[in-house]
Amino acid sequence: MADQDVAGVALCEQYAVADVRAALQPLCGDLRVLEQPFLLRLANVQHLATEVHGQLAAGEAATHSALALAAALLCAGAAHADAPGAYVPGVGEIMGATQMRHTKLWFAGRAENWALARYELGEIKEGLGDVIAYHPVFKGAPVAALYDHYTGQPFRDLERAISKHDSRAFVRAYDSLTAACDDCHRAADQGQIVIGRPIANPYTDQDFAPGKQ
Ligand code: HEC
């Protein structure tokens, strides 16, 4: 009993891992939380998960049955039961915001407002980063892998064009990003969504001219 090994799997939200660590620490002599989260595939759901390994401390083994350990873990989870559920935006919602920023990025670049273009590009990356963090697999499509594959180069080209204030390179890089949006849509079985260059600026309440900041 003294050498009983305790292995748990914690969901990857930071607080969940921290709670599991806090619940097991007093009972375990040696607790290891693996650095790298992995994708846990269950019958109908996939989650990022973190492996936690521990050994019951010698004195504790006698008094802590598997049931007591389960109770400690349940309490760790219950500590957050009354916290409002964290809001996780869906892929469609993030994409709606991405479309808005894709449009603004175009008009910022055409106006040579490089500060605004840099900002919009950063927001696009942040939004798509949330897609892969929250939904690495979406309706069976490995969007995290697709994201890296398609958007890496266009993002680098856009960054370079923006930092060099190069309008022609900007247009080329913008078109390659747009192609990447659609490559990913096709690869994710969403080929009905086709993005192009915007032809008119719908954001009449925003000044895109440079030099005001
Ligand atoms: C990693 C893959 C991927 C990339 C890259 C990607 N998308 Fe998407 N996009 C999707 C998926 C998957 C959906 C379907 C979401 C759903 O069904 O809720 C989608 C949906 C959309 C929609 C439809 C949203 C709606 O509700 O009408 C728009 C618009 C869109 N994407 C714009 C873009 C733009 C603009 C870019 C590039 C800047 C882009 N996407 C890049 C995967 C991607």
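Quick rundown of the values:
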{"quantity": "Residue that is touching a helix residue (DSSP H, G or I) at 6+ places or on another chain (Cβ under 6 Å), within 12 Å of the ligand (Cβ to nearest atom) and within 30 Å of G211 (Cβ to Cβ), where the choices are L116, L105, L146", "calculated": "L105"}
{"quantity": "Residue ID - modelled with the lowest pLDDT, chosen from residues in the stretch 173-213 that are surrounded by 14 or more Cβ atoms within 10 Å (Cβ to Cβ) and away from the ligand (no atom under 15 Å from the Cβ)", "calculated": "P210"}
{"quantity": "Conditions (1) touching a helix residue (DSSP H, G or I) at 6+ places or on another chain (Cβ under 6 Å); (2) under 23 Å from E93 (Cβ atoms); number of the one not met by I162", "calculated": "(2)"}
{"quantity": "Test result for K125, within 20 Å of the chain's Cα centre (by Cα), of a type in the set (K, R) and exposed (fewer than 13 other Cβ atoms within 10 Å of the Cβ)", "calculated": "no"}
{"quantity": "Test for A173: is it in contact with a Leu (Cβ under 9 Å, 6 or more places away or on another chain) and more than 18 Å from M95 (Cα to Cα)", "calculated": "yes"}
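The values are calculated or read from the model by the stated rules, or taken from the named source; none is laboratory data. Being a predicted model, the structure only gives us computed values, none of them experimental. Neighbour counts run over all protein chains shown; Cβ positions are idealised from the backbone, glycine included.
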